[in-house]
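Here the structure comes first, spelled out in structure tokens, and everything after it is commentary.
Throughout, read-outs are computed from the coordinates displayed, never taken from laboratory work. All figures in this text were calculated on a predicted structure; none of them were measured in a lab. Here the Cβ is made from the backbone with ideal geometry for all residues, glycine too, and neighbour counts use every protein chain on show.
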Amino acid sequence: MSQRGYLAVDIGGTKLSVGVVSLSGEVLAHRKAPTPSANVWGALSELIGQQIAATDVELLACGVGCGGPMSPRGELVSFLHIPEWRNFALRARIEEVVQMPVYIDNDAKALVQGEVWCGAVAGQTDVIGMVVSTGVGGGVISGGKVLEGNSGNAGHIGHVIVVPNGRLCACGSHGCLEAHASGRSIEAITGKPSAQAGPEVVAETGRLVATALVSVGAMLDLRTAVIAGSVALGFGRPFFDAVQSELDRNARIGFIQGFRVHPAALGALSPLVGAAAVARNLGCET
């Protein structure tokens, strides 16, 4: 057992993923399963156990990306798209299974850390990362550091209002980006899975994402975004073109002019690299 790496866990509303990531950010092995409608912890713990049993890499720590909101360091998680998880003691539960240090962060905050580590925006110091998938999440790197906020939930761009008095969101508000641009919302609006969305829906989703980015960019002095997630990456180039077109039209104040959007370079495996980046970064702080 000469190679060392991180155990990486990504918890989504649609799927659960577990993998092993090298110290240079390469995904060495991974496996996934659908997120069940009940007993999510049972399915996740089984998947984690299977991956640990199958690896011969020396695992230094476990990094986890999960939807929120959550308390600092993921001690308690209330993932909006897993109703049975309300103040769920995620870190303690995972530590019982893996028997190693566990570091948890919001899935989009994990994503941006991974992409800054070895992805589309490698080495950049000021960037927002987004996950446009079952839900919509965000995380911000500002001045080279992850923006945490008062409770560790800074960057939740999915709950920026983009349609005044719009659709009811899972958070309880109306008109959130997540209520209009997430996979679940697109299916509710169109009656079809997001994978079957037509060009108009793709373009409108891109426009709404860019609307939120302009507001957050102006607020936080950012002009770089990297986006992952099954909806964004599934829509592909037409979606990213729509986002960029709207950014070009509305990011007009001087310090955010030239705002650029990038697809996550790590592709479908970006959540696992991001989870490993959480262990890599937070592990250095302890």
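Structure notes:
- Beta bridges by DSSP in segment 122-265, antiparallel share as percent, to the nearest 5: 55
- Exposure proxy order (Cβ contacts within 10 Å, fewest to most) of Met100, Met70: Met100, Met70
- Dipole of the chain [Lys/Arg +1, Asp/Glu -1 at C-beta], most positive-end residue of Ser17, Leu269, Val209: Val209
- Set of lysines with alpha-carbon distance to Lys15 below 22 Å, sequence-local pairs under 8 removed: Lys32, Lys109, Lys192
- Helical content of the chain, expressed as a calculated mean residue ellipticity at 222 nm, amounts to -11500 deg cm²/dmol (DSSP H runs of 4 or more residues, -39,500 (n - 2.57) each, divided by residue number, nearest 500).
- DSSP bridge pairs, the chain: antiparallel proportion in percent, nearest 5: 55
- Computed about its Cα centre, the charge dipole of the chain is approximately 340 debye, with only Lys, Arg, Asp and Glu carrying charge at their Cβ.
- The convex hull defined by the C-alpha atoms of segment 122-265 has an orientation-averaged projected area of 8.3 nm².
- Centroid-to-centroid separation of segment 228-286 and segment 124-140 [C-alpha atoms, Å]: 6
- Counting every other Cβ atom within 10 Å of each residue's Cβ, Ser194, Ser71 order from fewest to most as Ser71, Ser194.
- Acute angle (nearest 10 degrees) that the helix 107-118 long axis makes with the longest principal axis of the chain, alpha-carbon atoms: 80
- Globularity ratio of the chain, using Cα Rg and 2.2 N^0.38 Å: 0.94
- Arranged from fewest to most other beta-carbon atoms within 10 Å of their beta carbon, Cys169, Cys176 become Cys169, Cys176.
- Springs join every pair of Cα atoms under 10 Å in this Gaussian network model of the chain, and among Pro199, Pro164, Pro72 the largest mean-square fluctuation is at Pro164.
- Rounded to the nearest 20, the Cβ-based charge dipole of segment 57-200 about its Cα centre (Lys and Arg +1, Asp and Glu -1) stands at 280 debye.
- Degrees between helix 237-250 axis and first principal axis of the chain (Cα, 0 to 90, nearest 10): 50
- Average Cα contact separation per residue, the chain, under 8 Å, 6 or more apart, as relative contact order %: 20
- Using a Gaussian network model of the chain in which every pair of alpha carbons under 10 angstrom is joined by a spring, one finds that among Arg223, Arg252, Arg184 the greatest mean-square fluctuation is at Arg252.
- Length gained when the stretch Asn39-Ala268 is fully extended (0.36 nm per residue, less Cα-Cα span): 79.9 nm
- Residue by residue, segment 195-202 carries 3J(HN,Hα) couplings of 5, 9, 5, x, x, 5, 5, 4 Hz when phi is fed to the Karplus relation 6.51 cos²θ - 1.76 cosθ + 1.60 (θ = phi - 60°); x denotes Gly or Pro.
- Looking at segment 1-130, the DSSP beta bridges with both ends there are about 55 percent antiparallel.
- Candidates Gly13, Gly254, Gly67: whichever shows maximal mean-square fluctuation once the chain is modelled as a Gaussian network with Cα springs under 10 Å: Gly254
- Coupling constants for segment 27-41 follow from the phi torsions by the Karplus curve (6.51 cos²θ - 1.76 cosθ + 1.60, θ = phi - 60°), and in residue order they are 7, 8, 7, 7, 8, 9, 8, x, 6, x, 7, 8, 6, 4, 4 Hz; glycine and proline get x.
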